[in-house]
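One structure is given here, and the rest of the page talks about it.
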Amino acid sequence: MVNQQNYRAIAISLCVLFFLSMAPTSMVSAQIPYEPEVDYNCDSTVWLYVEWSYSSQTFVCTVGNNNAHDVTVEITKDWPHQVEGPLEVSDWGYCMENEIGDEIYVGGNSAVSFCFQISADSKTPEGVENFHTTAEVKTYSLVVPCDNCQPVEEDVDVIIMPWIQVTFEHEATPESAYDYHSTRTGCDKKDSSEITVKITADGNFEGTAWSWVTFDYYLRIYDLQRQEFVEHRESTFGKVELDYDSELEIRAGETVSMTFTASWDIKENDDYDIELRTELRINLGVEQGWNSYGEYYRDNCPTWEGVLPELNFDPSNQSSGVTVNLSSPFSVPFSILSVALAAVIISRRNDYSE
């Protein structure tokens, strides 16, 4: 009786072991906690220009699945401005407009790439902002949930590029000075001119814009007697003085006014044609910006024309013969010699004429 019970227990144990060995491996593995991991990588740095409303930038992210089974990955994104995606990536690596959703299927031992398209308001200050995104496995083997899987984080440095726009307005005294569209009124040789420029800057740049301001004059002096141009010498031609401040500091949203004055005192000198020109150049820009702005003003005084002195010439003072200075001891012998030579020349001319 005892032996029969032992045999029966042994048989039952063997049957249980047999059925357990024949059970699907998925049922066994389901009893063991499993946390599949994925690799997640994005472009590390992106440069974003925000000057125009349509300005945007794209970058690519890739989820790599090194597991033998498929996984479904949820993608999150954190960006305080406008963002679209995940979007489909073409075979050539271009970001397309097709949304692929926040849950991405990745086959075993494979990878999937997608992209984001980001933008920001034009007044977003220049600098570096963070785009934060995560990839977390939600299911594997199609249906098995992963409750203990941890998200993989990725950060992208988005460099907001600076931009600037500048407008210029000016007023001049006299009104015709520094004006390309009218004829400059006459300049006295002792006179002055003035120009005031209002500069308004707009943009997202931080701090002050870089600037370059030059104000200079040029004298073009032509010597009528020598018929050539000569260099300006203050002692000979007078002086020109310029009064201005070359320092320009301007921030986004500000308007700055600058005044430039030129005065001159040209000496009276009729032997020269003299031209005076004053020029003003203002340039503004921002570091790392793709564009800059500049304005150029020129004022030309009409030429101060000189008068070439006329040579005095009296035809009545002409003499047809040789002038003899009788007071000189050499004048008489020299005169006799001159008469003799003249006679010889005349006789030879007569011989040739015959």
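The values are calculated or read from the model by the stated rules, or taken from the named source; none is laboratory data. This is a predicted model, so every value here is computed, not measured. As a convention, Cβ positions derive from the backbone with ideal geometry for all residues, glycine included, and neighbour counts pool all protein chains shown.
The sole residue among ASP216, ASP188, ASP270 that is outside any loop (DSSP other than H, G, I, E, B) and more than 30 Å from PRO162 (Cα to Cα) is ASP216. Whether a residue is part of a strand (DSSP E or B), surrounded by fewer than 16 Cβ atoms within 10 Å (Cβ to Cβ) and of a type outside the set (Phe, Trp, Tyr) was assessed, and VAL240 does not pass this test. In the stretch 243-269, the qualifying residues are those that are loosely packed, with under 12 Cβ neighbours inside 10 Å and not small (Gly, Ala, Ser), and the one that is farthest from ALA172 (Cα to Cα) is GLU268.
Among what's in the stretch 199-213 and is under 16 Å from the mean Cα position of the chain (by Cα) and part of a strand (DSSP E or B), pick the residue that is surrounded by the fewest Cβ atoms within 10 Å (Cβ to Cβ). Per the criteria, the residue is TRP212.
Scan the stretch 142-155 for residues that are acidic (Asp, Glu), loosely packed, with under 14 Cβ neighbours inside 10 Å and assigned to a strand (DSSP E or B) and jot them down. Break it down into steps so the answer makes sense when it comes.
Initial filter on the stretch 142-155 (acidic (Asp, Glu)): 147, 153-155.
Right, trim to loosely packed, with under 14 Cβ neighbours inside 10 Å and you get 147, 153, 155.
GLU153, ASP155, listed by residue number.
From the list SER328, SER319, SER292, SER335, the lone residue that is polar (S, T, N, Q) and at pLDDT 70 or above is SER292. For ILE118, the conditions (1) surrounded by fewer than 16 Cβ atoms within 10 Å (Cβ to Cβ); (2) touching a residue at least 60 places away in the same chain (Cβ under 8 Å) all hold with the exception of (1).
Selection of the stretch 100-138 for residues being among the hydroxyl-bearing types (Ser, Thr, Tyr), in a strand (DSSP E or B) and more than 14 Å from VAL63 (Cβ to Cβ) yields only SER119. Entry remark, the stretch 243-267: residues being touching a Ser or Thr at 6+ places or on another chain (Cβ under 9 Å) and either outside any loop (DSSP other than H, G, I, E, B) or of a type in the set (S, T, N, Q) (or both) number 12 in total. In this entry, VAL158 is excluded by the filter for residues that are exposed (fewer than 14 other Cβ atoms within 10 Å of the Cβ) and of a type in the set (A, V, I, L, M, F, W, C).
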